[in-house]
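Structure, as structure tokens:
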């Protein structure tokens, strides 16, 4: 069975974005550090680069390595959609969980109005799929899908937001994960891979 993997960037106080959805406050280091980090991450997970930026990132022709499907909440989808991009990850199967978004937003995007847990359970059981499912965000959706999250890929940045959208926003449900790998980068960011115990 394939996995649901929550791959996300967070502040030291567990925020994935500011109160208004801001995410530009995550420190990237100098240009050389930022480029080295982006190149390293893009080599590991090229499919997480939005379609509009794949050519600039040098991954336009790189096949998907880990994920073939992305699931995201409306707040995450709105970021590119607000710029006129209705299919942000055209190289993946795209699901947007929203009870307010119309179903005809884009032919390549499936809008899921209810039961995201049921959706993920179906996707995980697909017999013909050999790659994992990327949970792109946001915090409320992660809270709902916590029972099905198998792995976390957490990019932690050395900044405190003070307020904003939490990495997981749901009911009190202590869920233990084990650290499988941790990598530190020169600008102070770390990438931690955790697996469900």
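Overview of values
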{"item": "Flag if residue 37 is surrounded by 15 or more Cβ atoms within 10 Å (Cβ to Cβ) and assigned to a helix (DSSP H, G or I)", "result": "yes"}
{"item": "Matching entry among 92, 101, 117, 79 (being free of Cβ contacts under 8 Å to residues at least 60 places away in the same chain, out of contact with any strand residue (DSSP E or B) (no Cβ under 8 Å at 6 or more places or on another chain) and surrounded by 15 or more Cβ atoms within 10 Å (Cβ to Cβ))", "result": "79"}
{"item": "Filter result for residue 159 (on the phi < 0 side of the Ramachandran plot and free of Cβ contacts under 8 Å to residues at least 24 places away in the same chain)", "result": "no"}
{"item": "Some residue of the range 8-30 being exposed (fewer than 13 other Cβ atoms within 10 Å of the Cβ) and under 27 Å from residue 150 (Cβ atoms)", "result": "yes"}
{"item": "Wholly within the range 57-176, helices (runs of 4 or more DSSP H) carrying at least 2 residues that are modelled with pLDDT of 95 or more", "result": "116-124, 139-145"}
{"item": "The range 40-56, subset part of a loop (DSSP other than H, G, I, E, B) and touching a residue at least 24 places away in the same chain (Cβ under 8 Å), residue farthest from residue 83 (Cα to Cα)", "result": "45"}
{"item": "Conditions (1) without any contact (Cβ under 8 Å) to a residue 40 or more places away in the chain; (2) closer than 24 Å to residue 144 by Cα; number of the one not met by residue 106", "result": "(2)"}
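The values are calculated or read from the model by the stated rules, or taken from the named source; none is laboratory data. These numbers come from a predicted model, not from an experiment. Cβ atoms come from the backbone with ideal geometry, glycine included; neighbour counts cover every protein chain shown.
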